[in-house]
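Just below is one structure, and these are the notes that go with it.
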Amino acid sequence: MKNRSEPDLIHYPPSIYECTIRDVAEFTSNIYRIRFESEAISNHSRPGQFINIKVSDDLNPLWRRPFSIHDVNHRENTADILFKVIGQGTELMSQMQAAQNLNFIGPLGNSFDLPEDGKENAIIIAGGIGIAPFMLLCRRLKEKNVSIHLFWGGRDESDFYLLEEFERSGANLHLSTEDGSVGYKGFVTSLCEAEIHDILKSGTKNMIYACGPNPMLHGISEIAQRIDVPCQISLETLMACGLGACLGCGVKRRTEETSYYYVCKDGPVFYSDEVDLSD
Ligand code: FES
């Protein structure tokens, strides 16, 4: 089991910020991107970290919502989040507009461990909106001359967006859809399993990064174990406080049956052999 990075509270402690929204873009399938002005996030966040957004001035919904930091722009001092409308909180966020204020706490959580040199293959696997943390990760991997293979699975062609931007960030794209309308027909785990052996032959070291629904992450963890490649997974889970206080975001540790990690405080990034996603 590798030691993953700890939440970086010393390097750049999270604070509450009130920022200005620069732009709200709507993509397909109820996917939105909010770009906001924040020097703290654009200059001090790392791939895998998240922010906790206050979605309403009312008490309903009461809790903030967590979102991965999707991308940053140092020159513009902006940062992006990407989300899918799935409930009341994200519905309210989809109605936000440029020039409006955005209240959030961040940067929160730990981050993906990055390779030390360029002799590594990064195999990134995303299911649906699980793509959110990976633009920033691709940019950091590209800076390290890492060869990036991005496997992205959706239900149909409407589940893909920003493909050219991912390619500009250094990613070789491998797409799959359940209906076969784009790329491989089937689940992204099957596509990855079919192609990963050729990728592994070309590098001296390899690392898998994954984010998506838990059954997908469980499948990826099993593949990683079979081929003996370290695998970091970013967990998406419901959160309330987002700060380790309410114990509402537990995930079973693999090593100790009755013990839990808390995704907001100990994660959201874990090595796949640390957590038990079999339920
Ligand atoms: Fe409260 Fe994680 S959301 S402990």
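The values are calculated or read from the model by the stated rules, or taken from the named source; none is laboratory data. Predicted model only: the values in this text are computed from it and were never measured. With ideal geometry, Cβ positions are generated from the backbone for all residues, glycine too; neighbour counts draw on all protein chains shown. Side chains included, ligands, DNA and RNA excluded: accessible areas come from the protein's heavy atoms. Shrake-Rupley method; radii C 1.70, N 1.55, O 1.52, S 1.80 Å.
Restricting the first member to the stretch 221-248 and to residues that are within 19 Å of F112 (Cβ to Cβ), and the second to residues that are among the acidic types (D, E) and more than 13 Å from the ligand (Cβ to nearest atom), the beta-carbon pairs closer than 6 Å and six or more apart or on different chains are I223/E193. Per the conditions (1) in contact with a helix residue (DSSP H, G or I) (Cβ under 9 Å, 6 or more places away or on another chain); (2) open to solvent by 10 Å² or more (accessible area, probe 1.4 Å); (3) farther than 24 Å from G154 by Cβ, the sole criterion not satisfied by T78 is (2).
Could you list all residues from the stretch 73-117 that are of a type outside the set (A, V, I, L, M), in a loop (DSSP other than H, G, I, E, B) and over 14 Å from the mean Cα position of the chain (by Cα)? Within the stretch 73-117, H74, R75, E76, N77, G87, Q95, Q97, Q100, P115, E116, D117 meet the criteria.
Residues in the stretch 175-191 that are part of a strand (DSSP E or B) and of a type in the set (D, E, K, R): K185 only. You will find that of G109, G180, G170, G186, the residue that is in contact with a Cys (Cβ under 7 Å, 6 or more places away or on another chain) and free of Cβ contacts under 8 Å to residues at least 40 places away in the same chain is G170 and no other.
When the residues of the stretch 38-72 are filtered to those that are assigned to a helix (DSSP H, G or I) and open to solvent by 10 Å² or more (accessible area, probe 1.4 Å), which remaining residue is nearest to the ligand (Cβ to nearest atom)? Don't jump to the end; show me each part of the working.
Of the residues in the stretch 38-72, the ones assigned to a helix (DSSP H, G or I) are 39-44.
Narrowing further to those that are open to solvent by 10 Å² or more (accessible area, probe 1.4 Å): 39, 43-44.
Values: E39: 26, N43: 26, H44: 22 Å.
Selected residue: H44.
I'm told T237 meets every condition in (1) surrounded by fewer than 18 Cβ atoms within 10 Å (Cβ to Cβ); (2) farther than 22 Å from P66 by Cα; (3) of a type in the set (V, I, T) except one. Can you identify the failing condition by its number? (2) is the only condition that T237 fails.
Kindly indicate whether any position in the stretch 183-191 is hydroxyl-bearing (S, T, Y), open to solvent by less than 20 Å² (accessible area, probe 1.4 Å) and modelled with pLDDT of 95 or more. No: zero hits. For the stretch 129-139, the condition holds for at least one residue, the condition being that it is touching a Pro at 6+ places or on another chain (Cβ under 6 Å), at pLDDT 95 or above, open to solvent by less than 30 Å² (accessible area, probe 1.4 Å) and aliphatic (A, V, I, L, M).
Just to verify a result, which residue in the stretch 13-26, among those that are under 22 Å from I129 (Cβ atoms) and in contact with a helix residue (DSSP H, G or I) (Cβ under 9 Å, 6 or more places away or on another chain), is surrounded by the fewest Cβ atoms within 10 Å (Cβ to Cβ)?
Going through the stretch 13-26, the residues under 22 Å from I129 (Cβ atoms) turn out to be 21-26.
Then keep just the ones that are in contact with a helix residue (DSSP H, G or I) (Cβ under 9 Å, 6 or more places away or on another chain); that gives 24, 26.
Numbers: V24: 17, E26: 11.
Going through the qualifying residues, I end up with E26.
Highlighted here are the strands (runs of 3 or more DSSP E) found entirely within the stretch 192-279 that include at least 1 residues which are within 16 Å of the ligand (Cβ to nearest atom): 231-234, 250-252, 260-262, 269-271.
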